[in-house]
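What follows is a single structure, written as structure tokens, with notes after it.
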Amino acid sequence: MRLKSTADRYGTVAAAIHWLSAALVLGLLVSGFRAAGMVDPTAKAGLLRIHAVVGGTVLVLTLARMAWWLFADHRPGDPAGMTRLQARAARAVHLLFYVVLIGMAASGIGMLALSGAASILFAGATGTLPDFTAYLPRYPHGLGAFLLVALVLAHVAAALYHQFVMRDRLLARMSIH
Ligand code: HEM
């Protein structure tokens, strides 16, 4: 097991954070869109409780990942054969992931704090869940969700293009070993 990355592949810590974050973010997209469309207040509260905890976990993982890159590890170089434009696009998508994930977590926390839903979900307070659209952070949270879907699609499409069209075994760089 190699904890840190090398010039041509990601280390175990970076790869583990990557795949764990990917699974949790997919769960957040599904649970968020489902919760937003729910009418049964008990089921909605149950789903939002999980959604908020997983969202907080993704925030911690994202900050941990930033600290890991800043203080402990260096990214591998770009895969061979990438054009300058492809390398720039990849960097922009990766940077936007950080911005959007932190924005989603901040706006989610903001929604619960401003609306008083945090005490209903987590402190046993009685009352009905608020209409979140009455609170400003609901709008960046909704917009960010769609931006995140677009980023995930672009990211997955680029990885598959490398793997199956360029045949450069890109996915092996991010395997947990
Ligand atoms: C960090 C990543 C997060 C992602 C990817 C995410 C994703 C989503 C998505 C896709 C929606 C539905 C948006 C829509 O239909 O327009 C949503 C709604 C929501 N999320 Fe998150 N979320 C995250 C973090 C959080 C956190 C940390 C909290 C709370 C602490 C939270 C609380 C909520 C609430 C209250 C709603 C609104 C449900 C409604 O409108 O009825 N989210 N989220």
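The values are calculated or read from the model by the stated rules, or taken from the named source; none is laboratory data. All values reported here derive from a predicted model rather than from experimental measurement. Cβ placement follows ideal geometry from the backbone for every residue including glycine, while neighbour counts extend to all protein chains displayed. Areas reflect the complete protein model, heavy atoms only, side chains present, ligands, DNA and RNA absent. Shrake-Rupley method; radii C 1.70, N 1.55, O 1.52, S 1.80 Å.
Short-range pairs are left out: with C-alpha atoms under 8 Å and at least six residues apart, the relative contact order of the chain is 30 percent. The helix-based estimate of mean residue ellipticity at 222 nm for the chain, built from -39,500 (n - 2.57) per DSSP H run of four or more residues and divided by its residue count, is -23500 deg cm²/dmol to the nearest 500. Across the accessible surface of region 26-100, with the other protein chains kept in place and a 1.4 Å probe, carbon and sulfur atoms take up 71 percent.
For region 125-170, the carbon plus sulfur part of the accessible surface works out to 70%, probe radius 1.4 Å.
Lys and Arg at +1, Asp and Glu at -1: add these up for the other residues within a Cβ distance under 11 Å of residue 13 and post the number.
Counting the neighbours of residue 13, the net charge comes to +2.
If you roll a 1.4 Å probe over the heavy atoms of the protein chains, what accessible area per residue do you get for region 1-132, in Å²?
Details: 7700 Å² over 132 residues.
Heavy-atom accessible area per residue stands at 58 Å².
Among 128, 57, 6, the order of accessible area from largest down is 128, 57, 6, computed with a 1.4 Å probe on protein heavy atoms. Taken about its Cα centre, the chain carries a charge dipole of about 460 debye when Lys and Arg each add +1 at the Cβ and Asp and Glu each add -1 at the Cβ. When both region 16-89 and region 119-177 are represented by their alpha-carbon centers, they are found 6 Å apart.
Along each principal axis, taking the top coordinate minus the bottom one, the Cα set of region 98-172 gives 56, 22, 18 Å in descending order.
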